[in-house]
Amino acid sequence: MEEISVKTHLIITDIHDEYHMNWCGKIADANPLIKNGLPVFAVIGSKGRVELNTIDINQLEKTAKMLTRPKGRSAVSADTSHIYIKEVDGNEKLLGVLTHKNVKSFAPMHDKVGYIK
């Protein structure tokens, strides 16, 4: 006897996160606000806003990653976080955009229907 299977639906086999940092501005072009000898940055994402008084770029990227939350049921859902530098005149200049993608991989699921003699 041979078993008959029919493809019924997809199952999720893997979920992973992908991050991409796009630096689109230059600190040299800005007139940064200085506090305690360091420039002030603002990171804005879907989880909120954080102001950092630092020069550590890795800390800025880590904070931007923590402020993203991709939501959705699709195979690829994305969210972005923006990094600004605060200027003396009160403006904020865009320095970078971090994109966080949540990627799902699928495989077909087969259910047994019956047997053939």
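I'd like the carbon and sulfur percentage of the solvent accessible area for the chain, probe radius 1.4 Å, heavy atoms only, ligands and nucleic acids excluded.
Values: 4040 of 7790 Å².
Looking at the chain in its full context, I get 52 percent from C and S.
List the trypsin sites (Lys or Arg not before Pro) within the stretch 55-113 that fall in a DSSP loop (any state other than H, G, I, E or B) and whose Cβ has at most 16 other Cβ atoms within 10 Å.
71, 73
Cα axis of helix 57-66 to longest principal axis of the chain: angle in degrees, 0 to 90, nearest 10?
50
Length gain on complete extension for the stretch residue 93 to residue 66, per 0.36 nm per residue less the alpha carbon to alpha carbon distance?
On the way: separation 27, 0.36 × 27 = 9.72 nm, distance 2.09 nm.
Value of the extension gain: 7.6 nm.
State to the nearest 20 debye the size of the charge dipole of the chain about its Cα centre, where the only charges are +1 on K and R beta carbons and -1 on D and E beta carbons. Let's see the in-between values first.
Numbers: 16 positive and 14 negative charges, 62 e Å.
I would put it at about 300 debye.
Among 83, 11, 27, which one shows the highest mean-square fluctuation when the chain is modelled as a Gaussian network with alpha-carbon springs under 10 Å?
Comparing 83, 11, 27 in the GNM, the peak value goes to 11.
Taking only protein heavy atoms and a 1.4 Å probe, what accessible area per residue, in Å², does the chain have with all protein chains in place? Write down the numbers at each step before the final one.
Numbers: 7790 Å² over 117 residues.
Per-residue value: 67 Å².
What dipole magnitude, in Debye to the nearest 20, does the stretch 28-97 give about its Cα centre under +1 on Lys/Arg Cβ and -1 on Asp/Glu Cβ?
On the way: 10 positive and 8 negative charges, 100 e Å.
Dipole magnitude for the stretch 28-97 comes out near 480 debye.
Taking the structure as given and computing Rg and Dmax of the Cα atoms in Å, which label from [x] 23.0, 83; [y] 18.7, 60; [z] 15.0, 46 fits?
[x]
The values are calculated or read from the model by the stated rules, or taken from the named source; none is laboratory data. Here the structure is a predicted model, which means the values were calculated and not measured. Please note: Cβ atoms are built from the backbone with ideal geometry, for glycine as well, and neighbour counts cover all protein chains shown. These accessible areas exclude ligands, DNA and RNA; they are computed on the full protein's heavy atoms, side chains included. Shrake-Rupley method; radii C 1.70, N 1.55, O 1.52, S 1.80 Å.
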